[in-house]
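Undergrad: Please find one structure pasted underneath; my questions will follow.
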Amino acid sequence: MSEFFDNYFNIKKIREEKHKYKEQMARVKALPEDYRYVYEKIQHYMWQFTSGAGFDMMRVQADLLELFEQGAAEGKEVLEITGEDVAEFCEELLRNTRTYTEDWRAKLNKDIMKKLGKTRE
């Protein structure tokens with residue numbers, strides 16, 4: 001329960017994250033148009049899966065922004081970074097991030113095991 005309050009009612013942390021987010025979005029606006037478009041589409045896609053307060057997703061998006069800034073500085077096309085299957089690129093980014101789907105899967109398995117009197121080995 002403490003983690004819940006630390007994430008949802010920690011005003012200082014919320015302000016810090018909001019400030020970081022505004023700085024991050026200013027950097028996004030400085031990207032070349034193609035990079036900015038793809039970043040914003042990926043960002044929108046990934047926010048659908050975020051869990052909890054979304055702090056995990058902020059780190060993933062900051063890393064993505066750094067990757068895009070580096071690619072743009074090197075003169076690469078955005079799809080050279082993501083590949084043509086941008087959805088698969090997003091899935092790879094989300095693999096190490098806590099998501100709602102992960103929570104739903106865990107709850108489903110827990111509920112079934114509890115009802116059937118089974119324990120996970």
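The values are calculated or read from the model by the stated rules, or taken from the named source; none is laboratory data. Just so you know, these numbers come straight off a predicted model, no measurement behind them. So basically every Cβ, Gly included, is an ideal-geometry build from the backbone, and we count neighbours across all protein chains shown.
Undergrad: For the stretch 50-66, state whether one or more residues are modelled with pLDDT of 95 or more and either farther than 24 Å from LYS18 by Cβ or surrounded by fewer than 16 Cβ atoms within 10 Å (Cβ to Cβ) (or both).
TA: The answer is yes, given that some residue of the stretch 50-66 is modelled with pLDDT of 95 or more and either farther than 24 Å from LYS18 by Cβ or surrounded by fewer than 16 Cβ atoms within 10 Å (Cβ to Cβ) (or both).
Undergrad: Just to check your reading of the model, which residue among ALA73, ALA87 is out of contact with any Leu (no Cβ under 8 Å at 6 or more places or on another chain) and modelled with pLDDT of 95 or more? Before you say what the answer is, go through the steps one by one.
TA: Values: ALA87 fails: modelled with pLDDT of 95 or more.
It is ALA73.
Undergrad: Quick check on ALA73: is it within 26 Å of THR101 (Cα to Cα) and of a type in the set (Gly, Ala, Ser)?
TA: On the way: within 26 Å of THR101 (Cα to Cα): no; of a type in the set (Gly, Ala, Ser): yes.
Here the answer is no, as ALA73 does not meet what is asked.
Undergrad: Sticking with this structure for a sec: Keeping to the stretch 67-90, report how many residues are surrounded by 11 or more Cβ atoms within 10 Å (Cβ to Cβ) and more than 15 Å from VAL38 (Cβ to Cβ).
TA: Result for the stretch 67-90: 0.
Undergrad: With respect to ARG36, is the statement that it is charged (D, E, K, R), at pLDDT 85 or above and either surrounded by 12 or more Cβ atoms within 10 Å (Cβ to Cβ) or on the phi > 0 side of the Ramachandran plot (or both) true?
TA: Details: charged (D, E, K, R): yes; at pLDDT 85 or above: yes; either surrounded by 12 or more Cβ atoms within 10 Å (Cβ to Cβ) or on the phi > 0 side of the Ramachandran plot (or both): yes.
Yes: the conditions hold for ARG36.
Undergrad: OK, next. Does LEU31 count as part of a helix (DSSP H, G or I) and either at pLDDT 85 or above or surrounded by 11 or more Cβ atoms within 10 Å (Cβ to Cβ) (or both)? First the steps, then the outcome.
TA: Values: part of a helix (DSSP H, G or I): no; either at pLDDT 85 or above or surrounded by 11 or more Cβ atoms within 10 Å (Cβ to Cβ) (or both): yes.
Here the answer is no, as LEU31 does not meet what is asked.
Table: residues versus (1) modelled with pLDDT of 80 or more; (2) in a helix (DSSP H, G or I); (3) surrounded by fewer than 12 Cβ atoms within 10 Å (Cβ to Cβ); (4) out of contact with any helix residue (DSSP H, G or I) (no Cβ under 7 Å at 6 or more places or on another chain).
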residue	(1), (2), (3), (4)
PHE5	no, yes, yes, yes
LYS13	no, yes, no, yes
ALA26	yes, yes, yes, yes
LEU93	yes, yes, no, no
ASP111	yes, yes, yes, yes
